[in-house]
Each structure stands twice: as C-alpha cells, then as structure tokens.
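Structure, as structure tokens:
Every number in this text was worked out from the coordinates using simple rules, so none of it is lab data. Predicted model only: the values in this text are computed from it and were never measured. Neighbour counts are summed over all protein chains in view; Cβ atoms, including those assigned to glycine, are modelled from backbone coordinates with ideal geometry.
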Amino acid sequence: MSSERTLVIIKPDAVQRGLIGPIVSRIERRGLRIVAMKMMHIDRALAERHYAEHKGKSFYASLIAFITAAPVVVMVVEGPQAITTLRTMMGKTNALEAAPGTIRGDFGLSTQHNLIHGSDSPASAAREIALYFTDEEVLTYERSIDPWIA
C-alpha cells in the first residue's frame with residue numbers, strides 16, 4: 001500500500017492545555033511517521049491563506065482569531081492512508097459528538113476549540129503542507145518498524 005502525507009496542526013487550545021505530547025504520542029503509536037514538525041505562531045496572512053475556502057462564511061473571523069491567538073505545532077505526517085487515518089483519530093469537529101477514543105472525544109468540549117486540524121484530501125494536504133514547510137524541511141526516512149505497519 002502506498003504512503004501519503006497530511007498536514008496536522010495542534011491548535012492553540014491544545015498547546016495551551018499541555019496536550020502536545022499526548023496528541024503526538026497517539027499519532028506515533030498508531031504507526032504514522034512524523035516527517036516534519038515545528039512550533040510556530042501563525043500570523044494573520046498565513047491563516048487567511050490556510051482558511052481561504054472559508055472566507056465570507058459566518059465563522060471565518062472567529063476561525064482566524066482563534067488560530068492566530070497562540071502558538072501551534074504543525075507537522076507533516078506520513079503513512080498508508082494517512083489522511084483518513086488521522087481524520088478518524090481526530091473525531092468529529094464538534095467534540096460533544098466525537099466518539100470516545102478520538103482526540104476530540106477524549107480531550108475536547110466544543111466545536112470552536114477543537115484541538116487539531118488534519119487535511120481532508122490529498123489536494124488539500126499538498127496545498128497546506130506547502131504553506132508551512134519547504135521541500136527541504138520534509139524528511140524522507142525509514143523506520144525499522146515500517147514493514148510491520150503497512
């Protein structure tokens with residue numbers, strides 16, 4: 001099975017609540033490979049590019065304000081069906097509807113403060129990864145466990 005990449009953002013609420021470690025740990029324990037990671041503060045211009053498809057929607061202004069409010073951790077995660085796997089791990093956007101065992105189901109309480117972002121398609125993943133990382137920042141490497149995962 002071929003590998004795919006997705007962008008993950010551990011959002012300001014998760015960073016402020018000290019959930020970076022538990023979220024990264026879940027991603028790694030699932031078998032996904034982190035091929036790029038950094039902590040940063042998303043500025044308004046980058047936030048507007050990231051969420052361009054939502055411009056004009058009623059929640060756009062609050063979305064921009066939230067993602068720029070505090071530092072985030074951005075990652076590129078790789079593995080078989082990484083997009084679907086990660087989105088399943090995240091749970092529904094509304095944390096009150098997210099299943100127990102998902103990141104949002106276990107740690108979240110609202111829709112607005114929903115802890116984590118993951119790309120929703122290969123096209124979105126490619127576009128979003130390019131917003132946050134250069135090609136040189138995204139590594140290619142093998143782990144000894146990879147044959148046991150795929």
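If you scan segment 56-83, which residues turn out to be part of a helix (DSSP H, G or I) and over 13 Å from the mean Cα position of the chain (by Cα)? Quick ask: steps written out before the conclusion?
Restricting attention to segment 56-83, the residues satisfying the condition of being part of a helix (DSSP H, G or I) are 60-67, 82-83.
Residues satisfying the conditions are Y60, A61, S62, L63, I64, A65, F66.
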(request) Please find, within segment 14-55, the residue that is farthest from A130 (Cα to Cα) out of those that are touching a residue at least 40 places away in the same chain (Cβ under 8 Å), assigned to a loop (DSSP other than H, G, I, E, B) and not basic (K, R). (result) L19
(request) Report, by residue number, each residue of segment 53-64 that is exposed (fewer than 12 other Cβ atoms within 10 Å of the Cβ) and of a type outside the set (S, T, Y). (result) E53, K55, G56, K57, A61
(message) Which count do you get for residues in segment 3-46 that are surrounded by 17 or more Cβ atoms within 10 Å (Cβ to Cβ) and either aromatic (F, W, Y) or over 30 Å from P147 (Cα atoms) (or both)?
(response) 6
(message) Given the condition in contact with a His (Cβ under 8 Å, 6 or more places away or on another chain), of a type in the set (K, R) and surrounded by 12 or more Cβ atoms within 10 Å (Cβ to Cβ), answer yes or no: does some residue in segment 77-94 qualify?
(response) no
(request) Go through (1) farther than 20 Å from G31 by Cβ; (2) of a type in the set (S, T, N, Q); (3) surrounded by 13 or more Cβ atoms within 10 Å (Cβ to Cβ) one by one and return the number of the condition T134 breaks. (result) (3)
